[in-house]
1. So for each of 5-12, 161-168 I average, over its residues, the number of other beta carbons within 10 Å; can you give me the resulting order with the highest mean first?
2. With helices defined as uninterrupted DSSP H runs, which ones in the chain have an alpha carbon span along their own long axis of at least 27 Å and mean Kyte-Doolittle hydropathy of at least -1.0?
3. Counting Lys and Arg as +1 and Asp and Glu as -1, what is the net charge of the other residues whose Cβ lies under 14 Å from the Cβ of Tyr183?
4. Determine the equivalent ellipsoid of region 128-207 by diagonalising the alpha-carbon gyration tensor, then write out the semi-axes as square roots of 5 times the eigenvalues, largest first, rounded to whole Å.
5. Between Val43 and Glu113, what length comes free when the chain is fully extended (0.36 nm per residue of separation minus the Cα-Cα distance, one decimal in nm)?
6. Test of understanding: in a Gaussian network model of the chain with alpha carbons linked when under 10 Å, which of Pro16, Pro152, Pro90 would top the mean-square fluctuation ranking?
7. Output wanted: per-residue J couplings in Hz (rounded whole) for region 23-30, from phi through Karplus 6.51 cos²θ - 1.76 cosθ + 1.60, θ = phi - 60°, x for Gly and Pro.
8. What does the convex hull of the Cα atoms of region 34-168 come to per residue, in Å³, rounded to a whole number?
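Coordinate-derived values only; no laboratory data. Bear in mind that the values here come from a model prediction, so they are computed numbers and not experimental data. Heads up, the Cβs are rebuilt from the backbone with ideal geometry, glycines too, and the neighbour counts pull from every protein chain shown.
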Amino acid sequence: MFTQVKLNYNYNAYEPYVDALTMETHYSKHHAAYTKNLNDAAVKAGVGDMPIEDLLSSLDKVKDDALRKAIRNNGGGFYNHNLYFSTMSPNGGGEPVGKLFEAIKKHFGSFEEFKDSLSQLSISQFGSGWGWLSANAAGELSLSSTANQDNPLMDGKGFVPILGVDVWEHAYYLKYKNLRADYVKTFFNLVDWNVVSANYEKAQNKK
Ligand SMILES: [Fe+2]
């Protein structure tokens, strides 16, 4: 049974960066639907007990085409939004500290260059999708973007997403309309770098 991560704050706590109605619809409708649809498909496919990371990085184990597609889309939607909501905080923003900060500097030159690159990838993703900061077991970082609800786990290259920027219109359209770049810029005000740092540590402890 896959369950949605709990939100630590009320829907209106993310204002003015993300409005309350967007948060509520995103979490209680979109994310809830991905979660329900994943559970339904995973039970039918006999993979309801697999850890979600393992399931998404070995989708070819699901032999039925329709179920594999349902698990890819809804399992991605479930996992991606658990990551997204867990890294958002009204007390977020600023920069990471410690090992993650050092790794960002090493890989991207500076925090600002990292932010610009991830923003550009997210803004220029055609149609619905995500921008990603990912890490592997060696502590290397990678930036990428994907369409739909795909994510770097599905590449099978050993990179685990540690921060995701949701650029589906459902994440921003009520407030930002067509101005995706404005939403992406403001999203960084909500990023809880403590959680992203913990995700970075976890990615390195993966066997
Ligand atoms: Fe979303």
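1. Averaged packing, sorted descending, gives the order 161-168, 5-12.
2. Result, helices passing both filters: 65-86.
3. Here the count lands on -1.
4. Square roots of five times the eigenvalues give 25, 15, 8 Å.
5. 20.9 nm
6. Pro16
7. Rounded to whole hertz, the list is 4, 5, 5, 4, 7, 8, 10, 5.
8. Looking at region 34-168, the number lands at 116 Å³ per residue.
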